[in-house]
Amino acid sequence: MQKNVSPRVHAGHHLPEITGISLDVLERKLREFGQSAYRMRQIMNWIYHKHVHAFDDMSNLSKNLRTTLSGNFALGRLEQVACVKAEKGDAAKFGFELRDGAGIIESVLLYDDRRRTACISSQLGCNLGCVFCETGRLGLLRNLTQGEILGQLLAMNEYLEKRGDKSITNVVFMGMGEALANFRHFRNAVDYLMHPDAFNLGGRRITVSTAGVVPSIERLMREKLNVNLAISLNTYSNELRDRLMPINKKYPIEQLIEVSHRYFEHTGRRVTFEYVLIKGENDSDAAAAALKKHLAGLTCKVNVIPLNNCDYSSEKTPAKADVVRFVKKLHSFDIGATIRTTRGNDIFGACGQLGHLLLHKKSAAYQNI
Ligand code: SAH
Ligand code: SF4
């Protein structure tokens with residue numbers, strides 16, 4: 001059931017969120033208002049660096065311009081409904097309720113002295129149906145808007161600011177959803193991630209993870225987004241991948257490998273293959289050998305992610321020794337492979353477990369937040 005929401009209304013119209021319109025449109029609008037590029041930079045600074053919540057607080061703008069801005073745009077925030085810190089103090093998970101009442105999205109912040117990595121959502125749910133993934137179980141409720149994608153980062157930067165920490169250094173689209181199935185909003189958000197007056201991150205600090213939507217990977221290259229690409233390969237054979245990740249029937253392993261070669265040639269960035277390790281399914285030495293064949297001649301790395309158990313799925317986590325054995329096997333083939341750390345496990349912040357808040361809204365874990 002939809003919840004009642006109170007949208008911002010001005011003169012009978014809903015005002016667009018200023019964080020929800022593309023850079024091009026923002027530029028055009030400000031030009032229409034007779035404003036210079038310099039003014040645009042000042043406005044962006046107020047929003048993305050000084051984190052003001054109202055146009056009226058933009059004190060170096062004229063009263064006239066502030067009135068024009070508040071008459072044309074909203075400057076809202078995502079509604080934070082949960083913030084759970086990991087016991088070790090190296091991660092926090094956030095829940096944000098969407099304004100239209102469609103549901104709760106989750107984002108995770110992993111931090112240490114060097115890096116502050118935001119793992120953000122691009123969709124509420126996902127319709128790609130990977131059997132081991134909690135988000136997949138929700139189905140696709142809806143795509144997130146550009147403003148909702150950026151809103152997660154704004155909230156996390158404010159959180160860091162309050163702790164006296166510096167802002168986010170890395171962004172990974174590995175939260176809920178498939179960013180490449182929400183291409184326009186994803187790519188417009190990336191423009192802001194890279195803009196010096198917004199999040200100011202280079203392409204090498206931004207990673208999009210995909211289950212393998214090949215035409216969107218081609219579009220990344222065409223539109224020269226130049227971000228890091230991670231492909232959730234997860235298996236070594238089409239037969240197994242068809243079963244675990246139904247998208248494989250459309251874009252099988254050979255196509256993923258072929259487009260990865262092109263991605264490297266095109267961008268100079270080596271592709272990361274994520275490989276969720278599942279006990280008895282894809283963790284044998286023979287699996288490692290089959291994987292090696294696929295990756296022959298490709299400049300890439302493999303990130304092994306021990307499966308995080310989900311209540312509903314029969315797939316199981318391998319023993320630690322088996323994870324190490326598998327990775328050593330890959331090393332013996334000269335494949336660069338690492339094990340993804342499981343930071344944030346105690347807050348259900350781990351890979352594939354986002355959606356928990358929504359699925360378990362009535363559970364004790366949720367009530368405790
Ligand atoms: N839709 C994108 C990004 C979100 S999923 C994608 O599939 O790549 C982010 C990562 O979590 C993917 O690599 C996915 O394979 C992994 N993942 C999903 N469920 C998992 C689980 N239960 N345990 C560990 N990793 C999981
Ligand atoms: Fe969607 Fe990624 Fe989960 Fe698959 S693993 S269901 S693509 S979010």
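Structure summary
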read-out: Karplus-derived HN-Hα couplings along the range 172-178 (A = 6.51, B = -1.76, C = 1.60, θ = phi - 60°), whole Hz, x at Gly and Pro; value: 10, 8, 10, x, 6, x, 10
read-out: Net dipole in debye of the range 79-366 [+1 Lys, Arg Cβ; -1 Asp, Glu Cβ; about Cα centre; nearest 20]; value: 420
read-out: At most 16 other Cβ within 10 Å, DSSP loop - chymotrypsin sites (Phe, Trp or Tyr not before Pro), the range 289-338; value: Y312, F333
read-out: Loop-located trypsin sites (Lys or Arg not before Pro) in the range 56-124, at most 10 other Cβ atoms within 10 Å (DSSP); value: K88, R114
read-out: Whole-angstrom gap from the range 248-308 to the range 316-341, using each part's C-alpha centre; value: 13
read-out: Exposed GluC sites (Glu not before Pro) absent: longest stretch of the chain, with sites in DSSP loops and at most 13 other Cβ within 10 Å deemed exposed; value: 224-369
read-out: Helix-only [θ]222 nm of the chain, DSSP H runs n ≥ 4, -39500 (n - 2.57) each, per residue, nearest 500; value: -10000 deg cm²/dmol
read-out: Backbone HN-Hα couplings from phi across the range 145-157 [Karplus 6.51/-1.76/1.60, Hz, Gly and Pro as x]; value: 7, 4, x, 6, 5, 5, x, 4, 6, 4, 5, 6, 5
read-out: For T210, distant residues with modelled amide H under 5 Å away; value: A230, I231, S232
read-out: Chymotrypsin sites (Phe, Trp or Tyr not before Pro) within the range 212-297, DSSP loop, no more than 15 other Cβ atoms inside 10 Å; value: none
read-out: Nonlocal amide H pairs with V302, under 5 Å, H built at 1.01 Å; value: F273, G336, A337, T338
read-out: Per-residue HN-Hα couplings for the range 35-51 [Karplus 6.51, -1.76, 1.60; θ = phi - 60°; Hz; x = Gly/Pro]; value: 9, 8, 4, 4, 4, 4, 5, 4, 5, 4, 4, 4, 6, 9, 10, 8, 6
read-out: Probe 1.4 Å, protein heavy atoms only - accessible area per residue of the range 214-352 in square angstrom; value: 46
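The values are calculated or read from the model by the stated rules, or taken from the named source; none is laboratory data. Worth saying up front: this structure is predicted, and the values here are computed from it rather than measured. Cβ sites come from the backbone with ideal geometry, for glycine too, and all protein chains shown count toward neighbours. The protein model used for the area step is the full one, side chains on, heavy atoms only, and it has no ligands, DNA or RNA in it. Shrake-Rupley method; radii C 1.70, N 1.55, O 1.52, S 1.80 Å.
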